[in-house]
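Taking it in order: structure first as structure tokens, then the write-up.
The values are calculated or read from the model by the stated rules, or taken from the named source; none is laboratory data. None of these values were measured; they are calculated from a predicted model. Please note: Cβ atoms are built from the backbone with ideal geometry, for glycine as well, and neighbour counts cover all protein chains shown. For accessibility, only protein heavy atoms count, side chains too; no ligands or nucleic acids. Shrake-Rupley method; radii C 1.70, N 1.55, O 1.52, S 1.80 Å.
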Amino acid sequence: MESNKIIIGTRGSILALAQAEKVKEMLIERYDRIRNSDDFQGIEGFSGRLPLQIELKVIVTTGDKDLRDFKKMRGETQKEIFVKEIEREMLEGKIDMAVHSLKDMPQVTPEGLLNACFPIREDNRDVLISRKGEAFSDLPAYSVIGTGSVRRESEVMNLRKDITVKPIRGNIHTRLGKLHAGEYDAIILAAAGIKRTGLEKEISEYFEADRVMPAPGQGILCIQCREKDRKIRRILEEIDDREVRIMCETEREFSRIFDGGCHAPIGCSSVIKGNRIYIKGMYSNGNRRILMDIEGEKENYRHLVKELCDKMKKEILK
């Protein structure tokens, strides 16, 4: 039976809802364009006579309720707490797809589900938001910087030893509230989340990758669905971005090779220009920061990222 209704599962934070709304807009816009074309042949499972009807369903995850310090949690557990309830509802057929931030996704996808679509990537850099608007180098000695990321803490301490890092939890607005209340002098967040929630004016400084390497997959949206749901997989093909998928697989492979949960001091960033991909990787080994890069044909990304990791591992063992 044909039905044009789709239910998207999402967390209830302002950022998660903004990301789900973006995917909703993309699907509706793309479907309408196809449906109104002269050569429209139909999409299996959908009625060509009707527009898409997309509903967002908010699902509360363990990560939204559990406010424990991230450092006390194992890497994969930390990632799972933001997706497992959503995945359960998908397996039970209560939602058709889910929109996630890729960097929240565990390496292993549950049986029966598929990371089917990578439609868009926002700016993958980290940013500094300081209470008084200072750039990082202008912060006074012993300033308190908030982050819940071991990677960001390692990168900050590599740049300045006279900075104090203090853990911080909560969504973007909660963290900004703690900053402006004076609990921190500055915080570090992902540019993607700040931009998607319309808060760019808060940014004091962008960190280029050579200074603060982003998390693998940062800024990429991942749409998950049931593996056997041909109807949903087919409509998602319309908004999948081949180059974003390549960057996703490149950076996830880097993370897999280094066994990178959120507790691992690693980072990876890839950029595609024309037919070439440029990959940078970072591994912080104690007081030693290893930064390397590689470039080549974008379709050869699997070989390139493995070569980069092999070079880095050799350097680590020196």
query: Looking at (1) among the hydrophobic types (A, V, I, L, M, F, W, C); (2) open to solvent by 30 Å² or more (accessible area, probe 1.4 Å); (3) closer than 21 Å to Glu183 by Cα, which is the only condition Ile120 fails?
result: (3)
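Please enumerate the residues belonging to the range 237-286 that are among the β-branched types (Val, Ile, Thr) and open to solvent by less than 50 Å² (accessible area, probe 1.4 Å).
Step one: of the range 237-286, the residues among the β-branched types (Val, Ile, Thr) are 239, 244, 246, 250, 257, 266, 271-272, 277, 279.
Ile239, Val244, Ile246, Thr250, Ile257, Ile266, Ile272, Ile277, Ile279 - these are the residues of the range 237-286 that are among the β-branched types (Val, Ile, Thr) and open to solvent by less than 50 Å² (accessible area, probe 1.4 Å).
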message: Would you confirm whether or not the range 210-229 contains a residue that is surrounded by fewer than 20 Cβ atoms within 10 Å (Cβ to Cβ) and over 30 Å from Asp96 (Cα atoms)?
response: yes
- prompt: Is it the case that some residue within the range 176-187 is among the small types (Gly, Ala, Ser), under 25 Å from Lys280 (Cα atoms) and either without any contact (Cβ under 8 Å) to a residue 60 or more places away in the chain or buried (at least 20 other Cβ atoms within 10 Å of the Cβ) (or both)?
  reply: no
statement: Within the range 123-142, restricting to residues that are surrounded by 18 or more Cβ atoms within 10 Å (Cβ to Cβ) and either in contact with a Ser or Thr (Cβ under 7 Å, 6 or more places away or on another chain) or without any contact (Cβ under 8 Å) to a residue 12 or more places away in the chain (or both), the one that is nearest to Asp240 (Cα to Cα) is Asn124
field: Close pairs (7 angstrom Cβ cut-off, 6 or more residues apart or separate chains): more than 25 Å from Ile6 (Cβ to Cβ) in the range 53-70, at pLDDT below 95 anywhere
entry: Thr62/Ile81; Thr62/Lys84; Thr62/Glu85; Asp66/Ile81; Leu67/Arg169; Phe70/Gln78; Phe70/Gly148; Phe70/Cys262
- request: Go through the residues of the range 146-158 one by one and say whether even a single one is farther than 24 Å from Pro265 by Cα and either part of a loop (DSSP other than H, G, I, E, B) or touching a residue at least 40 places away in the same chain (Cβ under 8 Å) (or both).
  value: no
Of all residues making up the range 14-68, the number that are open to solvent by 50 Å² or more (accessible area, probe 1.4 Å), in contact with a Phe, Trp or Tyr (Cβ under 9 Å, 6 or more places away or on another chain) and at pLDDT below 75: 1
Residue in the range 106-113 that is of a type in the set (D, E, K, R), at pLDDT below 95 and open to solvent by 30 Å² or more (accessible area, probe 1.4 Å) present: yes
query: For the range 208-318, which strands (runs of 3 or more DSSP E) that fit wholly inside it have 1 or more residues that are under 17 Å from the mean Cα position of the chain (by Cα)?
result: 221-226, 266-273, 276-285
task: Spot the failing condition for Tyr278; the list is (1) among the aromatic types (Phe, Trp, Tyr); (2) at pLDDT 95 or above; (3) more than 17 Å from Arg211 (Cβ to Cβ), and only one is missed.
output: (3)
